Amino acid sequence: MLKAILNYQEIDRKLFQLERELAGSPERKKYAKLKKYMEVASEKLDALDAKAESLRHEAASLEEKYAVTEAALVEFDHMEELVEEGGADLAFYKKKALMHLDRMKKLKSDIAALEESIKETDKEFKELKAEVIAKQAEYKAAKEEYAALKDSKEGEKNAIEAELAKAAVGIDPAVLAQYKTKRKEKIFPIYSQLFSGRCSCCSMEPPIAAQSKLSGGATIECDNCHRILYSE
């Protein structure tokens, strides 16, 4: 059984190398970089759009408060008449009027700051959108180049997978399932020989009690790199 799975691994090594070749290719790196940019840019555009909308609502609310405050000052247009005819307290009315004026100044300042923030956000949105549009053609070309590279390797990949299917015949399904699980975890090689009492991949030394189990094709798992260890 050990010999069969090691043979399977040797065939799989070719597939692993092919995958690494594709993953490390300039075509994939360029495509991955542009894809990431497009994803991040799209999220940022949505965030800027939401921010601008929120600022507009806030500005509208402040403008409404400004209008209400401005309307409240109308009652002070004839302050002198109110004092003369009704004997109202002039100091009280003046204080109240000044309070409304101060409130209006503050609201006006806040509105101006929000309008400036809206302009800046809108400018940033438009600039980023123009940049994204310009990058779309580059992204499409990079995607097609990487797809073409993958297609060029498809025949080789299929041939290796056919070899693997043949080599899998006779291997215990549980053993093969364990192998494939570790393969998905990007561990390779999965099976590593114990050399001078140490894992030949990470150099960690398994406990003596565990090593004593390595006989007759039995295996153990490395506590450090989680490869399957065997001894010949």
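The values are calculated or read from the model by the stated rules, or taken from the named source; none is laboratory data. None of the values given here were measured: they were computed from a predicted structure. Positions of Cβ are generated from backbone atoms using ideal geometry, with glycine treated the same way; all protein chains shown enter the neighbour counts. Keep in mind that these areas ignore ligands, DNA and RNA; they rest on the heavy atoms of the full protein, side chains included. Shrake-Rupley method; radii C 1.70, N 1.55, O 1.52, S 1.80 Å.
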Exercise for the section: Could you please state, rounded to a whole Å, how far the C-alpha centre of region 195-212 is from the C-alpha centre of region 125-154? Expected result: 48
Practice task
Please say if region 129-232 is rounded, prolate or oblate, where rounded means a/c under 1.5 for a ≥ b ≥ c the square roots of the C-alpha gyration tensor eigenvalues, and otherwise the choice is prolate for a/b larger than b/c and oblate otherwise?
Solution key: prolate
Exercise for the section: Report relative contact order for the chain in percent, whole number only (criteria: Cα-Cα under 8 Å, sequence separation at least 6). Expected result: 28
Handout entry: Residue-span extension gain [Met99 to Glu156] - 0.36 nm each, minus C-alpha spacing
Key = 12.3 nm
Problem - Degrees, to the nearest 10: 26-72 long Cα axis against longest axis of the chain - result: 20
Problem - Mean accessible surface per residue for the chain, computed with a 1.4 Å probe while every protein chain stays in place, in Å² - result: 66
Handout entry: Ordering of 207-218, 54-65 by packing [mean C-beta count within 10 Å, highest first]
Key = 54-65, 207-218
Exercise for the section: Compute the acute angle (0 to 90°) between the alpha-carbon long axis of helix 154-168 and the principal axis of greatest extent of the alpha-carbon atoms of the chain; round to the nearest 10°. Expected result: 50
Exercise for the section: Would you kindly calculate the translational diffusion coefficient of the chain, applying Stokes-Einstein with the Kirkwood radius from alpha carbon pairs, for 25 °C and a viscosity of 0.890 mPa s, and quote it in µm² s⁻¹ without decimals? Expected result: 97
Exercise for the section: Determine the dipole magnitude for region 120-178: charges of +1 sit on the beta-carbon of Lys and Arg, -1 on that of Asp and Glu, nothing else is charged, the reference point is the Cα centre, and the result goes in debye to the nearest 20. Expected result: 100
Exercise for the section: Compute the distance in nm between two label points, each set 7 Å from the Cα along the Cα-to-Cβ direction, one at Ala141 and one at Lys29. Expected result: 1.9
Handout entry: R0 of 45 Å, Cβ-Cβ distance Asp46-Ile208: FRET efficiency to nearest 0.05
Key = 0.15
Fill in the blank from the handout: Connecting every pair of Cα atoms under 10 Å apart in the chain and solving the GNM, the largest mean-square fluctuation among Phe195, Phe125, Phe16 falls on Phe195
Practice task
Would you calculate the volume per residue, in Å³, of the smallest convex hull containing every Cα atom of region 150-210?
Solution key: 136
Problem - Amide H contacts under 5 Å for Phe195, placed H, 5+ residues apart - result: Ser200
Handout entry: Accessible surface of the chain, 1.4 Å probe, proportion on carbon and sulfur as whole %
Key = 53
Completion exercise
Residue span Asn7 to Ser61: 0.36 nm per residue of separation minus Cα-Cα distance leaves a gain in nm of 12.1 nm
Practice task
Go through Lys150/Lys184; Lys140/Lys184; Lys44/Lys65; Lys36/Lys126; Lys29/Lys157; Lys129/Lys153 and tell me which ones have a Cα-Cα distance over 24 Å in this structure.
Solution key: Lys140/Lys184; Lys44/Lys65; Lys129/Lys153
